[in-house]
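Q: I'd like to ask some things about the structure below.
The values are calculated or read from the model by the stated rules, or taken from the named source; none is laboratory data. This structure is a prediction, so every number in the text was calculated from the model and none was measured. Note that we place each Cβ from the backbone using ideal geometry, even for glycine, and neighbour counts take in every protein chain shown.
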């Protein structure tokens, strides 16, 4: 049985490949049209935008992929400790320190206090790097949140939010706002929220 390091490396490679795969983005947009979350015209507009945003978001996507890989490793861990939460928080804090020591301010800013706080929240923390991603590209954050949710649960992030309690719905919409180009109302039937 492979050790945790090998399992993490394999999960990280697979997760990052999926996040950067243009075909996976296409499949996600098609699924959102089929679910009725997007109109075909909105999906085509998002398709044109997100492909150009992948390269500029590689650094953030690498860390989002790491958090998702941590989820793969610790999701079914039988140890009664919050190992996933500890690993996510450690990842954010460690990378903040390393990038600061290297003098790379732009990279260090990705590992911000809000990302650290989100990473500390059970289950939600796996998506902590959607926060800096949405600041760079609301469109890409929206599509990747739905891609990840579809891959894990078989339903879109938008459907999950629509079926969630209002407090979770507001938090989820704050973390992943609908792109400005995608209609005036979200799948929950309310105006898109820009803050809590």
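Q: Return a yes/no flag: does the range 134-155 have any residue that is surrounded by 13 or more Cβ atoms within 10 Å (Cβ to Cβ), without any contact (Cβ under 8 Å) to a residue 60 or more places away in the chain, within 14 Å of the chain's Cα centre (by Cα) and over 25 Å from residue 26 (Cα atoms).
A: No, the range 134-155 contains no residue that is surrounded by 13 or more Cβ atoms within 10 Å (Cβ to Cβ), without any contact (Cβ under 8 Å) to a residue 60 or more places away in the chain, within 14 Å of the chain's Cα centre (by Cα) and over 25 Å from residue 26 (Cα atoms).
Q: Has the range 7-22 got any residue that is assigned to a helix (DSSP H, G or I), more than 23 Å from residue 179 (Cα to Cα) and at pLDDT 90 or above?
A: no
Q: Listed residues 40, 7; which is in contact with a helix residue (DSSP H, G or I) (Cβ under 6 Å, 6 or more places away or on another chain), over 21 Å from residue 130 (Cα atoms) and surrounded by fewer than 11 Cβ atoms within 10 Å (Cβ to Cβ)? If you could, list the steps in order and put the result at the bottom.
A: Numbers: 7 fails: surrounded by fewer than 11 Cβ atoms within 10 Å (Cβ to Cβ).
Result: 40 is the single residue among 40, 7 that is in contact with a helix residue (DSSP H, G or I) (Cβ under 6 Å, 6 or more places away or on another chain), over 21 Å from residue 130 (Cα atoms) and surrounded by fewer than 11 Cβ atoms within 10 Å (Cβ to Cβ).
This table checks each residue for (1) part of a loop (DSSP other than H, G, I, E, B); (2) modelled with pLDDT of 90 or more; (3) at negative phi.
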| site | (1), (2), (3) |
| --- | --- |
| 81 | yes, no, yes |
| 88 | no, yes, yes |
| 118 | no, yes, yes |
| 133 | no, yes, yes |
| 139 | no, yes, yes |
| 142 | no, yes, yes |
| 147 | no, yes, yes |
| 177 | yes, yes, yes |
| 195 | yes, no, yes |
